[in-house]
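The numbers here are math on the coordinates, done by the rules we state, and not lab data. Quick caveat: nothing in here was measured; it's all calculated off a predicted structure. Because the Cβ atoms are built from the backbone with ideal geometry, glycine has one as well, and the counts that use them run over all protein chains shown.
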Amino acid sequence: MSTKHTIDLDFDRNHIWHPYTSMTQPIPVYPVTNANHNLIHLETGEKLIDGMASWWSAIHGYNHPVLNNAMTEQINKMSHVMFGGITHYSAVELCKKLVAITPEHLNKVFLADSGSVSVEVAIKMALQYWLSQGINTKQKLMTPFKGYHGDTFAAMSVCDPVNSMHSLYSGFLPEHVFVPAPVSQFHDEFNQAEADELEHYFLKHHQHVAAFIIEPIVQNAGGMNFYHPEYLACVRKLCTQYDVLLICDEIATGFGRTGIMFAVEHANVQPDILCIGKALTGGTMTLSATLTTDKIAIGISEGEAGVLMHGPTFMGNPLACAVACASIDLLLEQDWQQRICEINQALQQLHQCGSLTDVVNVRTLGAIGVVELTDEAGIVDVAKIQAYFVSQGVWIRPFGKLIYLMPPYISDDASIKQLCDAIYNAIKGKHYV
Ligand SMILES: *Cc1c(COP(=O)(O)O)cnc(C)c1O
C-alpha cells in the first residue's frame with residue numbers, strides 16, 4: 001500500500017534546478033509517479049512509452065522484479081558501508097564480473113559514483129602513471145572534437161569546446177589538444193586521410209600528451225556520430241607507437257547498446273583505461289567504474305605517491321554494486337545480441353523520416369536510432385516537441401538538431417513503431433518550431 005502524494009510543481013519551478021536549464025525560464029517538467037517495464041506514468045494519468053531508457057541507463061526497463069529483489073536483499077543486509085579498509089561481497093562479485101566481460105587486459109577496477117567521476121579517475125590514472133615513470137612532461141590530453149565526457153571540470157575540459165561552452169570557463173579550464181572529429185561513418189568506407197591527419201597530431205604533441213580520450217564508435221551527446229571502427233583502430237596504433245595511453249569512455253555505449261558488449265570490440269581495440277557507467281546498474285542507482293591494466297596499476301603503485309589519489313565517500317556502495325551484479329546477470333542470461341538486432345530491425349522504421357524535407361540524415365546502430373534535421377530546420381524547441389510527444393503517448397527528449405531513440409532492451413515492436421511514428425509525425429507537422 002502506498003500513500004498518495006502530489007508533486008508540488010510550483011516549488012519545483014521556483015526552487016529546483018533541472019539539467020541544463022534556466023532557473024528563471026525553465027521549460028516545463030512532467031510529473032512522474034511511477035514507471036514500469038517501458039512505460040512512464042504521469043501524475044496526470046498518461047502513460048508514456050519510453051524512448052530514452054533514462055539516458056542510456058534503464059536497459060531492462062523500469063521496476064524490474066529481479067533488480068528490485070537484488071536491492072531489497074542488499075538493503076536488508078546493509079545499504080552502505082565505507083570502502084576504506086572494508087570490503088564486501090557485492091563489490092567483489094561485481095568487480096569479478098567486470099574483469100570477466102571487459103577487454104582482456106583490463107584487470108584492475110576502481111568503483112566510482114558517476115560517469116563524470118570515473119572520467120576524472122581515468123585522467124588521474126594516466127597522469128599518475130607517467131609521473132611514476134619519472135616523466136613529468138606528459139600533462140595534457142588529446143581528444144577529438146564533438147566528444148562528451150561529463151560535466152565535472154577535468155571531464156568537461158575534454159568535451160567539445162563549443163557544445164560545452166568552454167568560453168564560459170576559459171582561464172580556468174586546462175587547454176588540451178583537440179584533433180578533428182572522426183568523419184568516415186560506421187557503415188561507409190574509411191578515408192585513409194583521417195589516419196594521416198591523426199598521425200600529424202601525435203607527431204607534433206605526443207611528448208606532452210599523457211592520454212588520448214575518446215568515446216568508442218559513437219560520439220554521443222556531441223552529435224550522435226557513428227564513426228568508422230578504423231578510426232579507433234588508428235588511434236590505438238598511434239597511441240602505442242607514440243607512448244600515449246588510450247582512455248575509452250564506454251559510459252554510454254557499454255552493455256550492448258551498439259550491438260556488441262563494448263563498442264571497442266567493433267575495432268578489436270584494447271584500451272589502457274576504460275570508463276563505464278550509465279547502464280551498469282540497469283538504470284537504478286548511480287555507479288561507475290574505471291578499469292585499467294596490470295601495467296598501469298603497478299606503475300602507479302610503485303610511483304612516488306604509492307597510491308591512486310582518489311576515494312569517494314560512497315565508493316563501492318553495496319546497494320549499487322548488488323543491483324549492478326543482478327543487471328549484468330540479467331543481460332548475460334538472455335540472447336541479448338539477438339534482442340538488440342530485433343530492436344535495430346524495428347528502428348529501421350525511422351527511415352520513413354528520410355523523405356521529409358527537414359531531415360538530412362537517418363541512421364541506426366544497435367539499439368540506437370537517430371534522425372538529424374537540416375541546419376535550415378534549426379534547433380528543436382524542446383518544450384514544444386516534448387508537449388507533442390507526450391500528446392502522442394511517448395517520451396523522447398531531443399537535443400539540438402537531433403531526435404533520437406535508445407529504448408530499453410525490453411521494448412516490443414509495437415512500442416518502437418509508436419516511437420518512430422511519433423518522430424515522423426512531429427517532423428512532418430513541424431511540431432518543433
Ligand atoms: C553520460 C556520460 C558521461 C557522464 O556520466 P554522468 O554519470 O552523467 O556523470 C561521460 N561520458 C559519456 C560518454 C556519457 O555518455
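When we screen P161, P182 for residues that are in a loop (DSSP other than H, G, I, E, B), away from the ligand (no atom under 12 Å from the Cβ), closer than 30 Å to M285 by Cα and over 17 Å from the mean Cα position of the chain (by Cα), the only hit is P161. The single condition among (1) surrounded by fewer than 20 Cβ atoms within 10 Å (Cβ to Cβ); (2) charged (D, E, K, R); (3) farther than 30 Å from A422 by Cβ that K47 does not meet is (3). F212: surrounded by 12 or more Cβ atoms within 10 Å (Cβ to Cβ), part of a helix (DSSP H, G or I) and in contact (Cβ under 8 Å) with a residue 60 or more places away in the chain, yes or no? The answer is no for F212.
Here's the yes/no breakdown for (1) touching a helix residue (DSSP H, G or I) at 6+ places or on another chain (Cβ under 7 Å); (2) of a type in the set (S, T, N, Q); (3) surrounded by 14 or more Cβ atoms within 10 Å (Cβ to Cβ):
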{"position": "F11", "(1), (2), (3)": "no, no, no"}
{"position": "I16", "(1), (2), (3)": "no, no, no"}
{"position": "I40", "(1), (2), (3)": "no, no, yes"}
{"position": "H64", "(1), (2), (3)": "no, no, yes"}
{"position": "H88", "(1), (2), (3)": "yes, no, yes"}
{"position": "V117", "(1), (2), (3)": "no, no, yes"}
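For the range 223-245, the criterion of being farther than 22 Å from P398 by Cα, within 16 Å of the ligand (Cβ to nearest atom) and hydrophobic (A, V, I, L, M, F, W, C) is satisfied by at least one residue. Within the range 326-338, is there a residue that is surrounded by 23 or more Cβ atoms within 10 Å (Cβ to Cβ) and not small (G, A, S)? No. Determine, yes or no, whether C248 is of a type outside the set (K, R), surrounded by 24 or more Cβ atoms within 10 Å (Cβ to Cβ) and either within 16 Å of the ligand (Cβ to nearest atom) or on the phi < 0 side of the Ramachandran plot (or both). So C248 fits the description; yes. For the range 180-226, a residue qualifies if it is of a type in the set (S, T, N, Q) and within 25 Å of V371 (Cβ to Cβ), and the qualifying residues are S184, Q185, N191, Q219, N220, N225. Scanning the range 50-59 for residues that are surrounded by fewer than 24 Cβ atoms within 10 Å (Cβ to Cβ) and touching a Gly at 6+ places or on another chain (Cβ under 8 Å) returns a single hit, S54. When the range 231-245 is filtered for residues that are assigned to a helix (DSSP H, G or I), in contact (Cβ under 8 Å) with a residue 24 or more places away in the chain and surrounded by fewer than 20 Cβ atoms within 10 Å (Cβ to Cβ), the ones remaining, listed by number, are A233, Q241.
Within the range 247-302, how many residues are under 11 Å from T102 (Cα atoms), more than 12 Å from the chain's Cα centre (by Cα) and in a helix (DSSP H, G or I)? Residues flagged as under 11 Å from T102 (Cα atoms), more than 12 Å from the chain's Cα centre (by Cα) and in a helix (DSSP H, G or I) within the range 247-302 amount to 2.
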